[in-house]
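A quick write-up on the structure given underneath.
Please treat every number below as a calculation from the coordinates, not as lab data. As the structure is a prediction and not an experimental result, all values here were calculated from the model. Quick reminder, even Gly has a Cβ in these numbers, built from the backbone with ideal geometry, and neighbours come from all protein chains shown.
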Amino acid sequence: MAKKSLSKGTLDLDKVRSALNKGAGRTIAHSLRDKNPTEVKEWIPTGSRWLDSIICKGSLAGIPVGKISEIAGLEATGKSYMATQIAGNAQKMGIDVVYFDSESAMDPGFMERAGVDLDRLIYIPAQNVEFVLETIEDLLATDNKWLFIWDSLALTPSISDLEGDFNPQSSMAMKPRILSKGMSKITQPIASKQATFLVLNQLKTNITRMPAEAMVTPWVTPGGKAMHYAYSLRVWLTGRKAKASYVVDENGFRVGSEVKVKLEKSRFGTQGRTCNFKILWGDSQVGIQDKESWFDAIQMSESVKQSGAWFTLVYKDKTEKKFQRKNWLEQLADPKFEKRVLEIMDEDIIKKFNNREGKASDYYEQVDDS
C-alpha cells in the first residue's frame with residue numbers, strides 16, 4: 001500500500017515519511033529530530049526516591065511508561081509490596097491498573113494501606129501464561145492508559161502445565177517459548193499505547209558447574225531469555241538475614257526488613273547501580289521507608305560531615321545544621337533541611353553520576369570477576 005503512494009525519482013525525506021504514513025493509514029515513519037517515539041516521557045514513582053534517582057542517567061525517574069520492566073527478588077524481599085505502591089502512584093497519575101495474581105496472596109486491606117484505590121483496580125487471577133498475555137492484548141485495543149502488573153511470572157503455569165502431569169520433562173521450555181512469542185506480539189503495542197507492563201519474578205540460585213560464573217551471576221530468573229531482551233529495566237531485590245536488617249516496633253516485633261537493590265539491566269545508562277531501603281509490612285503501616293533511606297543516600301556526601309555520633313549538614317550559604325541520626329526524621333520536618341537533603345541527593349546521585357564525577361565504585365556494586 002505504501003509503495004503505491006510513492007512516486008518515482010529522488011524524493012525529499014519529509015515527503016517520503018508523509019507518503020509512508022498516508023499509505024499505512026497511521027504514523028509509522030518518524031523523524032527522530034522532531035519526535036522520538038521510543039523516548040520515555042513519563043515515569044511512575046517506585047516509592048523510593050533513592051531508587052528513582054538511580055534508574056535513568058541524569059534525571060529523577062521510576063518505572064518507565066511505555067516499556068516492559070521487571071522486579072525480581074528473593075523470597076520475602078518486598079516485590080509485591082513495591083508493586084502495590086507503584087500501582088497506587090500510577091493511579092494518582094490517571095493510569096488504570098490491572099493486577100494479575102498467580103499467588104492468590106493479595107489482601108484488599110493491605111493494598112488500601114499501600115495507597116491503592118480499589119475502585120480503580122481490576123484484579124484478575126492469573127490462570128495461565130496464555131490467558132495473561134491474551135488479556136493484555138485485548139485491553140491494549142482500548143483507549144485506556146494501563147499499568148499491567150503480573151505477580152508473578154514464576155508461579156503462573158502454562159496451559160500444558162495445567163493439563164499435563166507433574167513430570168517437569170513433559171512441558172520443558174514450554175513457558176519460555178510462549179513468552180518469546182508473546183513478547184514479540186505485545187512489545188510494540190505497549191509502546192504505541194503508552195501502557196506499562198511490570199513483571200514480578202523470582203530470583204533463583206544459579207546452579208552451574210563453573211564456580212566463577214556463580215560468583216559473577218549468583219541468581220537467575222525463570223521465563224527464558226526472551227524476557228531479558230524485552231525488559232527495558234530489571235530491578236533485582238536481595239536482602240540479608242542479620243538482626244539489624246529488620247525494622248522492629250517498640251516491643252521488638254518485626255514489622256519490616258531491609259532491601260538491597262541492584263539494577264541488573266537498564267536501557268537508561270545505569271546498569272549495575274545500587275541502593276538500599278527498608279520496607280514496612282506490619283499491620284499498621286505498609287510501604288517503603290523512603291525518607292529514612294535518604295540519610296544513607298547522602299551520608300558520604302562532601303556536604304555532610306561526621307564527628308562521632310554527630311553529623312553536620314552544610315547549606316549552600318555555608319551555614320550548618322548539626323544533628324544525630326536518631327533525630328533524622330525530626331530534622332526532615334524542617335522544610336529548609338528537607339530541601340537541602342533533596343538538593344544533595346540530586347547533586348550526588350543524579351548529576352555527579354551523569355557527569356562521571358568521583359569514583360565509579362561509589363555508584364556500582366563491586367563484583368570480583370577475576
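In region 127-211, how many lysine pairs have Cα atoms under 19 Å apart, counting only pairs 8 or more places apart or on different chains?
Working: K145/K185; K145/K193; K175/K185; K175/K204; K185/K193.
Step by step, the pairs that qualify in region 127-211 add up to 5.
How would region 143-217 be classified by its alpha-carbon gyration tensor: rounded, prolate or oblate, with rounded meaning a/c under 1.5 and the a/b versus b/c comparison settling the rest?
It comes out oblate by the Cα gyration axes.
Nearest 20 debye, what's the magnitude of the dipole of region 43-289 about its Cα centre given +1 on Lys and Arg Cβ and -1 on Asp and Glu Cβ? Don't skip to the end; give the middle numbers.
Working: 27 positive and 25 negative charges, 274 e Å.
Roughly 1320 debye, rounded to the nearest 20.
Do any trypsin sites (Lys or Arg not before Pro) in region 289-370 lie in a DSSP loop with no more than 16 other beta carbon atoms within 10 Å, and if so, which?
Taking region 289-370 and a limit of 16 other Cβ atoms within 10 Å, the loop trypsin sites (Lys or Arg not before Pro) found are K316, K318, R356, K359.
Give the residue from G94, S170, I349 lying farthest towards the positive end of the charge dipole for the chain; charges sit on Cβ (+1 for Lys and Arg, -1 for Asp and Glu) and the dipole is referred to the Cα centre.
Sorting the options by dipole projection puts first I349.
Quick one: Cα centre-to-centre distance for region 18-58 and region 210-242, in angstrom?
27 Å
Taking loop as defined by DSSP and a crowding limit of 16 other beta carbons within 10 Å, which GluC sites (Glu not before Pro) in region 83-144 fit?
On the way: sites: E103, E112, E130, E134, E137; in loops: E103.
Qualifying residues, ordered by number: E103.
Does region 299-362 classify as rounded, prolate or oblate by the C-alpha gyration tensor (a ≥ b ≥ c root eigenvalues; a/c under 1.5 gives rounded; else a/b over b/c gives prolate, otherwise oblate)?
It comes out prolate by the Cα gyration axes.
For region 299-370, which GluC sites (Glu not before Pro) pass both filters: DSSP loop (anything but H, G, I, E, B) and at most 11 other C-beta atoms within 10 Å?
Answer by residue number: E302, E357.
Taking amide hydrogens as modeled 1.01 Å from N in the peptide plane, which residues meet the under 5 Å criterion relative to E42, leaving out close sequence neighbours?
V65
What residues qualify as long-range amide H neighbours of L203, i.e. H under 5 Å apart, gap of 5 or more or another chain, H built at 1.01 Å from N?
G73, L74
Over 26 Å between C-alpha atoms is what I'm after, so list which of K326/K359; K79/K225; K291/K321; K57/K316; K92/K291; K291/K351 land there.
K326/K359
Nearest 10 degrees is fine. How inclined is helix 174-192 to the longest principal axis of the chain, computing both from alpha carbons?
Once rounded, one gets 90 degrees.
Could you tell me which residue out of A29, S184, F110 lies farthest along the dipole of the chain toward its positive end? Charges go on the beta carbon: Lys and Arg +1, Asp and Glu -1, centred on the Cα centre.
So the residue furthest toward the plus end is A29.
Using the Cα gyration tensor of region 43-289, with a ≥ b ≥ c the square roots of its eigenvalues, what is the shape: rounded (a/c below 1.5), prolate (a/b larger than b/c) or oblate (neither)?
Taking the square roots of the gyration eigenvalues as a ≥ b ≥ c, region 43-289 is rounded.
Before rounding to the nearest 500, sum -39500 (n - 2.57) across all DSSP H runs of length at least 4 in the chain and divide by the residue total; then give [θ] at 222 nm in deg cm²/dmol.
-8500 deg cm²/dmol
Hey, if you put +1 on the Cβ of every Lys and Arg and -1 on every Asp and Glu Cβ in region 43-289, which of T217, P64, L139 ends up farthest toward the positive end of that dipole?
Positive-most Cα among the choices belongs to T217.
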